[in-house]
Amino acid sequence: MGFTPSRRALLGHASAGAALSLLPGRLQAAEPDPWARAAAIARAALPPVFPARDFDVTRYGARGDGTTLNTAAIAAAIAACAEAGGGRVVVPAGRFRTGAVHLRSNVNLHVQAGATLLFSTDPRDYPLVFTRWEGIELMNYSPLVYARRQRNIAITGAGTLDGQGSAEHWWSWKGPWGGTVDHGWREGMPDQRKARAILFDMAERRVPVEKRVFGEGSFLRPAFIQPYDCENVLIEGVKLRGSPFWQIHPVLCRNLIVRGVDIVGHGPNNDGCDPESVDGALIEHCTFDTGDDCIAVNSGRNEDGRRLATPAQNILIRDCRMKEGHGGVVVGSQISGGVRWIFAERCVMDSPDLWYAVRFKNNALRGGLLENFYYRDLDVGTVSRSAVTCDFNYEEGARGPFVPRLRNVVIERLRARNAAQVLDSQGLPGAPVSGITLRDCSFEGVTQPSIIRHTEGLALDGVRVNGRLVTQLG
């Protein structure tokens with residue numbers, strides 16, 4: 001039997017779903033303050049409830065000696081927990097080596113302080129599953145922690161999940177890369193490029209996902225944590241280190257909370273958190289120190305994104321810290337399903353190795369409608385490029401038949417102490433960026449003029465650049 005939650009929990013989750021389902025797709029006349037929607041997102045974000053039962057993995061044969069492979073023991077603890085109706089699967093202090101961990105409904109994987117889940121670097125320890133890779137569905141190596149079509153799941157605790165990604169393991173599969181970290185690839189070594197091109201072609205031809213079989217010999221790295229088509233998901237408190245690829249990658253989930261997670265990963269494509277086609281998410285009190293974008297909101301790439309046609313929406317990001325990365329709060333570039341109603345507030349971003357604070361990426365091969373972005377109270381120290389960028393020239397740029405659209409971006413009280421450039425906004429001919437408002441913002445240390453091309457409706461209200469009040473950028 002499955003876990004039967006309390007009446008209070010049922011009512012809470014019912015009200016959460018109702019709160020989000022009642023939110024209109026567009027701002028209504030009766031909703032003059034868009035931040036009322038952000039408050040509704042926060043109220044609807046209710047953590048899953050678990051019975052007070054613990055299943056210590058050592059009772060099922062797991063050994064925290066750093067060498068024993070504990071995949072089967074951890075799976076047995078998860079199965080026992082799920083079959084008993086739910087609870088916590090506890091990883092105590094020690095170094096527990098494991099392959100893929102697959103969560104089940106009503107299971108909280110609790111990694112205690114002093115505990116490390118040390119993930120194997122042997123690809124054979126990650127069986128093929130239905131997953132999404134760079135915005136495209138396929139059969140590929142299991143993410144290190146994975147769940148599909150489960151309800152009420154969590155990863156919690158003060159312990160560490162170590163993917164052991166490095167120049168020796170996983171990262172070299174990227175192939176040539178322009179990053180600053182040596183990721184181990186040398187000319188003549190195998191890499192992902194051939195398989196990536198085959199996958200993209202399959203998606204364009206709408207080959208059934210079950211026939212898009214990759215894995216061994218394809219060199220497509222697995223994500224670190226991926227709940228796929230799950231409901232009521234909590235990821236809280238843990239530390240992530242050494243990810244092979246994207247770090248937290250929720251796909252098609254409803255009611256997601258990512259809270260208090262400490263993420264460090266400087267490998268290629270080590271995005272911090274990529275909510276993809278997610279509806280209803282709260283990301284708060286997290287630290288990101290990454291080799292790519294800190295948070296990147298996505299909704300599927302090209303034809304696969306259009307096939308699924310599921311936007312990412314109703315996401316609130318607050319009280320996070322962004323250090324190294326390509327962008328702090330980012331949308332794209334896998335956004336063919338659209339993105340809307342994204343909020344960010346009270347975030348701190350600061351690193352000479354952080355390229356942008358706010359970033360939008362799109363092009364004419366992706367298409368997709370991006371609308372209704374509200375950001376406020378962003379404390380930006382140093383960014384090496386622009387404080388804000390809207391880029392329709394990303395990767396393929398104008399080479400595609402689909403119209404990229406970005407509209408209604410409102411940024412209030414962004415304070416940048418050292419930004420080389422204020423704004424880099426480049427739409428395409430016939431596809432302008434539209435409706436950017438900067439209000440009560442200040443930018444210091446600016447040495448380069450803003451770039452504004454194919455951009456309409458740029459409004460400045462109380463904007464200061466190097467101490468001077470300005471009415472236009474250039």
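Please treat every number below as a calculation from the coordinates, not as lab data. Keep in mind that this is a model prediction, so the values were computed, not measured. Heads up, the Cβs are rebuilt from the backbone with ideal geometry, glycines too, and the neighbour counts pull from every protein chain shown.
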**Report entry** Distance in nm between pseudo-label sites at Glu168 and Arg439 (7 Å out along the Cβ direction from Cα)
**Finding:** 5.4 nm
Report summary line: Those trypsin sites (Lys or Arg not before Pro) from the range 271-348 that are DSSP loop and have at most 15 other Cβ neighbours within 10 Å turn out to be Arg346
Report task. Would you list, by chain and number, the lysines whose Cα falls below 19 Å from the Cα of Lys211, excluding same-chain residues fewer than 8 positions away? Result -> Lys194
Query - Estimated FRET transfer efficiency when R0 is 30 angstrom, pair Arg63-Asp182 (beta carbons, to 0.05) - result: 0.35
Requested in this report: Report the extension gain between Arg53 and Glu216 in nm, rounded to one decimal, defined as 0.36 nm multiplied by the number of residues separating them, less their alpha carbon distance.
Outcome: 54.8 nm
Report summary line: What helix-only [θ] at 222 nm does the chain give? Using -39500 (n - 2.57) per DSSP H run of at least 4, over all residues, to the nearest 500, the answer is -3500 deg cm²/dmol
Report summary line: Of every Cα-Cα pair in the range 285-426, the percentage lying beyond 23 Å is 29 percent
Report summary line: By the mean-Cβ-within-10 Å protection proxy, highest first, 35-48, 362-375 rank as 362-375, 35-48
Requested in this report: Show me 129-138, 55-64 ranked by packing, highest mean number of other Cβ atoms within 10 Å first.
Outcome: 129-138, 55-64
Query - Whole-number percent relative contact order across the range 351-449, with pairs defined as alpha carbons under 8 Å at least 6 apart - result: 32 percent
Query - Extension reserve of the Val410-Ala72 stretch, reckoned as 0.36 nm per residue once the Cα distance is removed - result: 116.7 nm
Query - Gain upon complete extension [Ala93, Arg417; 0.36 nm per residue less C-alpha separation] - result: 112.4 nm
Query raised in the report: To the nearest 0.05, how large is the calculated FRET efficiency for Glu396 and Val470 if R₀ is 41 Å and r is the Cβ-Cβ distance?
Result: 0.75
**Report entry** Highest-first arrangement of 379-385, 200-206, where packing means the average Cβ count within 10 Å
**Finding:** 379-385, 200-206
Query raised in the report: Between the helical axis of 7-21 and the dominant principal axis of the chain, each derived from Cα atoms, what acute angle in degrees is found, rounded to the nearest 10?
Result: 30 degrees
Report task. Would you mind getting me the FRET efficiency between Asp319 and Ala113? Use the beta-carbon distance for r and R0 = 30 Å, nearest 0.05. Result -> 0.85
